[in-house]
Amino acid sequence: MMKPADLPDVIPVFPLPGALLLPRARLPLHLFEPRYLAMFEDCLKTPHRLIGMIQPNEVPGREGPGLYQIGCAGRVTQFSETEDGRYMITLAGISRFRLGDEVSGFTPYRRFRVDWTGFDADMGGPEADPNFRRSAFLDLLGRYFADQGLSTDWETLKEAEDELLINSLSMLLNLDAEEKQALLEAPSLSTRRETLVMLMEYALRGGDGQDILQ
């Protein structure tokens, strides 16, 4: 198990719109672009095997790296290679980070200095949500899924631990980049659940801007 002291100062960064990784969660990825195949192969040579997942934040005319300032690093825990040289990999979420300066070099992918300060709890045990009202949450989720034409294994959802349920939904629901970023940056599991509820309520109201119940 990784410790804060094991976290490097520089990591490769994979900007991917709509892809959200959270601590203690798992994210499957399909790598096929040459620059990210090179990133993965270089990653395997490091002791930490970390890749930073972050969302693009392109604003015309604004200087900077074109990325959100907070991402989440994941450790490569599984991978398989296809016959045509692509990779299917799984990242296990380790810790969020703040983006620092970009590191220049000869790699085809981007690398950044990162700051892990303020995210110590990410490397601890599962987080609890003492105010979680599961029945009301699942009722809202059922209405949201019906409205979006989605289906799921409800028995599995009912049995999932609080953190697994909330984080899995945060990662899997079809939300825009700004909404995904709000879920990533939530300071606690309770705040993430409240944000998720707000987003589902907003969608059910048709995005009309009315007050949203939490």
- [ ] Give me the pairs, please: first residue somewhere in the range 197-212 and part of a loop (DSSP other than H, G, I, E, B), second residue anywhere and at pLDDT below 60, beta-carbon distance under 8 Å, and either six or more positions apart or on two chains.
- [x] 205/212
Task: Matching entry among 147, 139, 129 (being in a loop (DSSP other than H, G, I, E, B), farther than 22 Å from residue 27 by Cα and not assigned by TED's automatic domain parsing to the domain that holds residue 18) - done: 129
Open item on the list: For the range 63-110, give me each residue that is of a type in the set (S, T, N, Q) and assigned to a strand (DSSP E or B).
Closed with: 77, 78, 80, 90, 95
Open item on the list: Condition check: small (Gly, Ala, Ser) and at pLDDT 95 or above. Does residue 93 satisfy that?
Closed with: yes
TODO: Go through the residues of the range 154-164 one by one and say whether even a single one is in a loop (DSSP other than H, G, I, E, B), touching a helix residue (DSSP H, G or I) at 6+ places or on another chain (Cβ under 8 Å) and either aromatic (Phe, Trp, Tyr) or not assigned by TED's automatic domain parsing to the domain that holds residue 72 (or both).
DONE: yes
Open item on the list: Taking the criterion of being modelled with pLDDT of 95 or more and farther than 22 Å from residue 180 by Cα, would at least one residue in the range 116-132 satisfy it?
Closed with: no
Task: Odd one out for residue 135 among (1) surrounded by fewer than 16 Cβ atoms within 10 Å (Cβ to Cβ); (2) under 27 Å from residue 96 (Cα atoms); (3) at pLDDT 90 or above - done: (2)
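Table: residues versus (1) within 20 Å of residue 10 (Cα to Cα); (2) of a type outside the set (D, E, K, R).
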| position | (1), (2) |
| --- | --- |
| 65 | yes, yes |
| 73 | yes, yes |
| 93 | yes, yes |
| 100 | yes, yes |
| 111 | yes, no |
| 138 | no, yes |
| 144 | no, yes |
| 150 | no, yes |
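Listed here are the residues, each with its yes/no results for (1) of a type outside the set (Val, Ile, Thr); (2) surrounded by fewer than 16 Cβ atoms within 10 Å (Cβ to Cβ); (3) in the same structural domain as residue 109 (by TED's automatic domain parsing).
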position	(1), (2), (3)
11	no, no, yes
17	yes, yes, yes
29	yes, no, yes
38	yes, yes, yes
41	yes, yes, yes
46	no, yes, yes
49	yes, no, yes
54	no, no, yes
- [ ] Would you point out the residue of the range 102-132, among those that are acidic (Asp, Glu) and more than 22 Å from residue 154 (Cβ to Cβ), that is surrounded by the most Cβ atoms within 10 Å (Cβ to Cβ)?
- [x] 122
TODO: Would you mind finding the one in 140, 172, 157 that is closer than 29 Å to residue 68 by Cα and aliphatic (A, V, I, L, M)?
DONE: 172
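The values are calculated or read from the model by the stated rules, or taken from the named source; none is laboratory data. Fair warning: this is a prediction, and the values are worked out from it, not measured in the lab. Every residue, glycine as well, gets a Cβ built from its backbone with ideal geometry; the counts of neighbours run over all protein chains shown.
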